[in-house]
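Below is one structure, written out as structure tokens; comments come after it.
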Amino acid sequence: MSGSDEAGPGNPKKVYSVIARALVEHGTEVIFGMLGDANMMIADDLARVHGVRYVSTSREDGAVLMADGYARVSGRLGVATVTQGPGLTNTVTALVEAARARTPVVVVCGDTPPDVDEHLQDIEQREIVLGSGAGFVQVRSARTAAGDVAVAVRRAWEERRPIVLNAPTHVQLADAEAEYVPVAAEQPGRQAIVPDPEALDRAVGLVASARRPVILAGRGAVQSGARDTLLRLASILGAPVATTLGAKDYFADSPFNLGLFGTLSTSVATTEILKADCVVAFGASLNRFTAADGSFLKDRRVVQVDTDPTAIARWRSVDVGIFADATATAAAMCEYLQEMDAQPSSFCSPALAEALAGFQAEREFRDRSTETTVDLRTALIRLDKLLPADRGVASDAGMFCTAVWRYLHVPEPAAFVWANNFGSVGLCLAEAVGAAVAAPGRPSVAVMGDGGFMMGGILEFNTAVRHGLDLIVIVVNDGAYGAEYYNLTELGMDPALAWMSWPDFAAVADALGGRGMTVHSLADLELVSEAVAKRDRPLLIDLRVDVEVSASVRRQG
């Protein structure tokens with residue numbers, strides 16, 4: 001069934017055209033999808049009638065993951081479309097990932113008509129969706145269709161999670177209402193929640209008396225646009241700044257940037273954080289990774305600022321919790337402290353600036369590269385310099401991922417996507433494709449393990465080829481499922497089942513329409529710079545590592 005030949009965008013004749021037009025009115029310019037007979041009418045109408053860019057994927061979960069990556073990087077609503085039954089069930093892991101990442105995404109899904117007995121693809125779609133943590137909105141009728149779209153979009157923004165817009169085919173094919181009535185398509189505005197005066201007073205009293213305060217920014221601070229205000233507050237207090245993974249590299253140009261706060265902290269940052277007597281957290285959850293299993297917050301006064309009241313003291317008790325916007329709270333603190341004529345602490349000393357400026361990550365470990373494999377840590381430190389500085393980075397789950405988080409940097413937090421919210425491997429290449437669509441002037445670098453590439457990456461690598469996207473894939477190839485190898489050996493068991501015999505990934509990339517290269521040694525890394533400079537299609541770098549080296553690094557923490 002094709003789109004509305006008789007209908008122009010001003011006079012839709014079928015409900016699927018109403019749905020398409022409503023999505024466009026809500027700002028949809030790109031949709032990621034895989035066609036089936038229950039969603040093809042909407043996709044066709046979006047692309048042909050409205051000129052929406054349609055990015056065709058290899059599998060349905062790829063469509064949702066691309067919409068997730070697109071939304072995370074662009075700050076816009078991600079939109080995907082899949083068909084009914086197995087088309088929807090194929091998206092479950094991706095829906096969980098996006099829901100846990102708190103990403104606003106609308107997934108337009110077809111559904112079976114109720115009057116077809118024993119439909120092969122019939123399944124209770126609402127229950128499947130709700131079990132993933134996503135929300136569900138039913139397209140109920142021709143009369144309600146435009147409003148149902150509006151509800152799905154509004155809920156995606158307000159609840160910050162995927163919302164599945166469920167559109168049964170019999171409703172899609174019904175005649176539209178005689179007169180199309182546009183529905184208000186404004187994105188809900190972000191309202192700055194101001195801090196409670198009493199809570200603010202207690203917080204300012206606490207931080208003003210601190211001798212060694214630290215400012216910690218999380219994803220909520222980034223979403224608030226609090227960077228400059230937080231740096232001003234840090235200057236007034238004489239406090240170094242640090243971030244969670246969700247705000248990675250937010251303060252990269254500050255001379256008192258401690259970098260990542262928590263289990264990923266550098267040796268210099270760890271030393272300074274352990275000296276601190278007060279942590280002021282803005283939009284940071286203070287989970288066990290950020291708190292370094294509690295050691296970074298123990299015996300320290302903690303102020304936590306968040307727009308989510310359930311996030312305050314969720315993982316750790318705090319001295320003062322402020323339910324408010326990060327920027328508004330930091331600005332109020334600055335004003336309060338200046339009225340008090342508060343003097344900065346001596347924590348931000350010239351010695352600290354010198355130590356941070358002189359830090360070299362490669363000095364924190366002994367390189368264990370050989371003639372046939374590279375030490376992943378050394379390789380990533382070098383790739384950080386060889387790859388274009390203005391880049392996006394998407395990281396998959398796996399034993400390698402903490403090295404990626406430590407050693408590959410990004411120009412801004414929005415350029416970093418980690419597909420690790422559900423612990424599934426194989427998701428990040430699709431996320432990186434979505435990121436590449438969101439930021440076409442910036443190469444999108446996906447880092448994943450060999451198992452992850454075979455599970456999900458190989459499916460969508462060709463998607464990047466077909467759509468001419470600037471994608472660089474780094475496959476950390478240890479010839480095994482590394483985490484399982486590690487866990488089996490830790491249990492004293494034979495890790496033989498974890499070994500895998502993979503194809504030549506460079507040749508696979510060539511066969512899929514991209515270009516591939518294999519890195520066996522640190523000397524081979526010098527060829528990467530040339531390959532990156534000459535790339536004219538998606539590039540895959542097969543990075544050969546030793547699983548036992550990776551396992552031993554993990555044992556050392």
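Filter the range 337-383 down to the residues that are hydrophobic (A, V, I, L, M, F, W, C) and within 28 Å of residue 474 (Cα to Cα) and list them by number. I'd like the intermediate steps shown before the answer.
Let us first name the residues in the range 337-383 that are hydrophobic (A, V, I, L, M, F, W, C), namely 337, 340, 342, 347-348, 351-353, 355-357, 359, 361, 365, 374, 376, 379-381, 383.
359, 361, 365, 374, 376, 379, 380, 381, 383 - these are the residues of the range 337-383 that are hydrophobic (A, V, I, L, M, F, W, C) and within 28 Å of residue 474 (Cα to Cα).
Considering each residue of the range 229-236 in turn, none proves to be in the same structural domain as residue 323 (by the TED database) and more than 20 Å from residue 334 (Cα to Cα). The residue pairs whose first member lies in the range 162-176 and is farther than 17 Å from residue 126 by Cα, whose second member is surrounded by fewer than 24 Cβ atoms within 10 Å (Cβ to Cβ) and hydroxyl-bearing (Ser, Thr, Tyr), and whose beta carbons are closer than 8 Å, counting only pairs six or more residues apart or on different chains, are 174/141. Taking the criterion of being under 33 Å from the mean Cα position of the chain (by Cα) and outside any helix (DSSP H, G or I), the residues of the range 348-371 that qualify are 348, 358, 359, 360, 365, 366, 367, 368, 369. Just so you know, in the range 187-219 the residues that are at pLDDT below 95 and under 26 Å from the mean Cα position of the chain (by Cα) include one that is surrounded by the fewest Cβ atoms within 10 Å (Cβ to Cβ), and it is 189. Could you check, for the range 425-439, whether at least one of its residues is among the acidic types (Asp, Glu), touching a strand residue (DSSP E or B) at 6+ places or on another chain (Cβ under 9 Å) and outside the structural domain of residue 64 (by the TED database)? Yes; the residues of the range 425-439 include at least one that is among the acidic types (Asp, Glu), touching a strand residue (DSSP E or B) at 6+ places or on another chain (Cβ under 9 Å) and outside the structural domain of residue 64 (by the TED database).
On the given criteria, is residue 62 crowded, with 24+ Cβ neighbours inside 10 Å and touching a Leu at 6+ places or on another chain (Cβ under 7 Å)?
Details: crowded, with 24+ Cβ neighbours inside 10 Å: yes; touching a Leu at 6+ places or on another chain (Cβ under 7 Å): yes.
Yes: the conditions hold for residue 62.
Checked against (1) at negative phi; (2) modelled with pLDDT of 95 or more, residue 263 passes all but condition (2). Mind listing whichever residues of the range 203-236 are touching an Asp or Glu at 6+ places or on another chain (Cβ under 8 Å) and basic (Lys, Arg)? Within the range 203-236, 211, 212 qualify. Each residue in the range 248-267 was checked for being more than 19 Å from residue 315 (Cα to Cα) and either touching a helix residue (DSSP H, G or I) at 6+ places or on another chain (Cβ under 8 Å) or outside the structural domain of residue 351 (by the TED database) (or both), and 13 of them qualify.
Select from the range 288-305 the residues that are within 16 Å of residue 221 (Cβ to Cβ) and either at pLDDT below 90 or part of a strand (DSSP E or B) (or both) and list them in ascending order.
Initial filter on the range 288-305 (within 16 Å of residue 221 (Cβ to Cβ)): 290, 302-305.
Those that are within 16 Å of residue 221 (Cβ to Cβ) and either at pLDDT below 90 or part of a strand (DSSP E or B) (or both): 302, 303, 304, 305.
Would you be able to tell me the number of residues in the range 485-534 that are among the basic types (Lys, Arg) and surrounded by 14 or more Cβ atoms within 10 Å (Cβ to Cβ)? Even if it seems obvious, please write down each step before you answer.
Restricting attention to the range 485-534, the residues satisfying the condition of being among the basic types (Lys, Arg) are 515, 534.
Going one step further and asking which of them are surrounded by 14 or more Cβ atoms within 10 Å (Cβ to Cβ), we end up with 515.
Residues flagged as among the basic types (Lys, Arg) and surrounded by 14 or more Cβ atoms within 10 Å (Cβ to Cβ) within the range 485-534 amount to 1.
Among the residues of the range 276-321, those identified as closer than 17 Å to residue 234 by Cβ and among the aliphatic types (A, V, I, L, M) are 276, 279, 280, 281, 284, 302, 303, 305.
Checking each residue in the range 382-403 for being among the hydrophobic types (A, V, I, L, M, F, W, C), within 22 Å of residue 523 (Cβ to Cβ) and within 22 Å of the chain's Cα centre (by Cα) picks out 383, 387, 400, 403. Note on the range 116-147: among residues that are under 25 Å from residue 101 (Cα atoms) and touching a residue at least 40 places away in the same chain (Cβ under 8 Å), the one that is surrounded by the fewest Cβ atoms within 10 Å (Cβ to Cβ) is 126. Of the residues contained in the range 107-115, none is found to be in a helix (DSSP H, G or I) and among the aliphatic types (A, V, I, L, M).
Can you tell me which residue among 301, 391, 316, 366 is crowded, with 18+ Cβ neighbours inside 10 Å, free of Cβ contacts under 8 Å to residues at least 40 places away in the same chain and charged (D, E, K, R)?
Numbers: 301 fails: free of Cβ contacts under 8 Å to residues at least 40 places away in the same chain; 391 fails: free of Cβ contacts under 8 Å to residues at least 40 places away in the same chain; 366 fails: crowded, with 18+ Cβ neighbours inside 10 Å.
On inspection, the qualifying residue turns out to be 316.
The values are calculated or read from the model by the stated rules, or taken from the named source; none is laboratory data. It should be emphasised that the depicted structure is a prediction, and the values quoted were computed from it without experimental measurement. Every residue, glycine as well, gets a Cβ built from its backbone with ideal geometry; the counts of neighbours run over all protein chains shown.
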